[in-house]
1. Give me the lysines in straight-line cross-link reach of Lys373: C-alpha distance below 23 Å, same-chain residues under 8 apart excluded.
2. Which order, highest average first, do 420-433, 113-126, 154-167, 94-107 follow once you tally other Cβ atoms within 10 Å for each residue and take the mean per peptide?
3. What does the charge dipole of the chain about its Cα centre add up to, to the nearest 20 debye, if the Cβ of each Lys and Arg holds +1 and the Cβ of each Asp and Glu holds -1?
4. Which of Met310, Gly358, Ala284 sits farthest toward the positive end of the charge dipole of the stretch 277-385, with +1 on the Cβ of Lys and Arg and -1 on the Cβ of Asp and Glu?
5. What does the charge dipole of the stretch 66-329 about its Cα centre add up to, to the nearest 20 debye, if the Cβ of each Lys and Arg holds +1 and the Cβ of each Asp and Glu holds -1?
6. Within the stretch 1-61, report the chymotrypsin sites (Phe, Trp or Tyr not before Pro) that DSSP leaves as loop and that have at most 11 other Cβ atoms within 10 Å.
7. Report relative contact order for the stretch 169-299 in percent, whole number only (criteria: Cα-Cα under 8 Å, sequence separation at least 6).
8. Which far-off residues, 5 or more places away or on another chain, put their amide H under 5 Å from the one on Ile171, with H placed in the peptide plane?
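Just so it is clear, none of the values below were taken in a lab; they were calculated from the coordinates. All figures in this text were calculated on a predicted structure; none of them were measured in a lab. We place every Cβ from the backbone using ideal geometry, glycine too, and count neighbours over all the protein chains shown.
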Amino acid sequence: MVKKYDKNLEIIERDEKVFSNFSRLSYFPLTIKKAHGSIIEDMDGNEYIDMISAASTLNTGSCHPKIVQAIKDQADKCISYTAAYTYSEPLVKLSEMLCEITPGNFEKRVLFGVAASDSNDAAIKLARAYTGKKKMISFIGAYHGSTYGAISLSAISLNMRRKIGPLLPEIEHIRYPNCYRCQFKCNPEDCSLECLEDFKIAMQTYIPPDEIAAVIMEPIEGDGGLIVPPVKYMKAIYNICKDNNILFISEEVQQGLGRTGKWFGIEHFGIIPDLIVMGKSLGAGLPLSAVVGKKEIFEALGAPAHLFSMTGNQTCCAAAIASISVIKNEKLLDKSRDLGAYAKSRFEEMKSRYDIIGEVRGLGLSIGVDLVKDRESKAGDKNAAAKICCRAWEKGVLLIYLADGVLRIQPPLVITKEELDKAINIIEESIADYLNGNIPDEILKFAKGW
């Protein structure tokens with residue numbers, strides 16, 4: 001049956017007349033009518049398997065019945081009343097749960113935000129206030145959000161920085177370790193962490209370590225291409241932080257809350273961070289973010305250093321409580337590990353047959369399939385990725401790409417094996433269509449991505 005897109009296109013035409021064009025990255029002309037679990041339905045009744053979880057904001061899937069019920073129950077009592085002046089049981093309960101699931105056997109404190117961007121701003125404030133130092137170290141390829149502090153930490157797109165300066169001072173960027181495209185041509189087996197030398201030299205020459213407040217790092221560099229760093233690199237940079245009284249902040253906005261098969265991505269590296277920043281899936285579809293960390297760090301600031309009228313409101317907290325309970329009760333950490341390993345094995349098998357796949361990497365259900373023009377140069381193939389994602393959409397799968405052509409495989413943790421298999425089959429069909437020259441260039445006029 002030929003799909004119809006009349007209602008989708010009508011709404012998109014209306015959208016173009018009123019909505020800011022710099023607030024969206026276009027991949028395909030999709031207008032969502034409703035969603036449940038891992039299935040999305042558009043305005044014309046076409047259904048899609050969700051392989052991106054709304055930018056990894058829906059780890060527990062769309063409209064999980066227990067989360068929907070929790071939202072309804074709370075909305076009947078009190079949708080929101082500001083935590084800036086009052087107290088609420090949902091906020092306290094969620095804070096207790098976050099203190100329980102975050103790594104570290106020390107006394108913790110929690111603060112809430114509306115979006116991960118403002119929680120990254122809070123992390124900057126906390127680090128500077130607690131240490132008395134100003135410099136922050138972030139990574140090239142990092143994306144931390146769209147507030148001024150978060151943009152200052154980010155180093156992924158010139159369009160985020162053009163025309164809006166000056167940004168926050170005293171923020172330096174170093175290279176994220178990328179073993180697949182190692183600038184030193186090292187093999188993981190004999191690597192001596194040459195990629196860390198830039199930072200060491202910087203601390204010896206122009207970034208005094210006694211002026212660095214914190215290193216803030218994604219345990220998997222998400223929008224930079226779903227890059228997984230070596231364990232020994234993570235331990236080495238963590239030790240540098242500890243040796244120089246520098247805070248280590250794990251930015252878990254995309255990788256936290258079960259996405260990697262553990263509550264937080266940093267747990268794969270045996271590291272206990274001083275602060276953890278989270279967002280996206282925390283609110284299960286509602287706007288909520290948080291910073292969790294050592295009590296003494298939080299005591300460095302006084303009110304009203306970081307508060308918002310809608311922060312930690314009762315309904316968003318109720319959704320987050322229900323979502324954490326679903327992850328626990330439905331054993332979604334185990335499911336993320338098991339289905340993630342299965343998905344990686346399928347893409348690895350594809351890699352053996354399609355030279356366009358340069359590398360398959362990831363942890364749990366956070367997987368990057370790196371498309372390349374050729375395996376020798378390892379140059380990313382962004383146009384191929386755009387066409388493949390658009391063809392997958394036409395066939396019934398929501399898929400996007402990151403960086404220079406990395407397919408983003410991050411389905412809801414509630415996805416069934418049958419749905420996952422069907423989606424991967426369609427992705428393979430789309431790759432074959434591209435290699436056979438069956439996807440027109442016309443698609444690239446809309447599918448622009450980053």
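1. Lys373 reaches Lys185, Lys344, Lys351, Lys382, Lys387, Lys445, Lys448.
2. In descending order of packing, they fall as 113-126, 420-433, 94-107, 154-167.
3. 440
4. In the stretch 277-385, that residue is Ala284.
5. My answer is approximately 400 debye.
6. Here the sparse-neighbourhood loop sites are Phe19.
7. Relative contact order comes out at 18 percent.
8. Amide H neighbours of Ile171, under 5 Å, 5+ apart: Met136.
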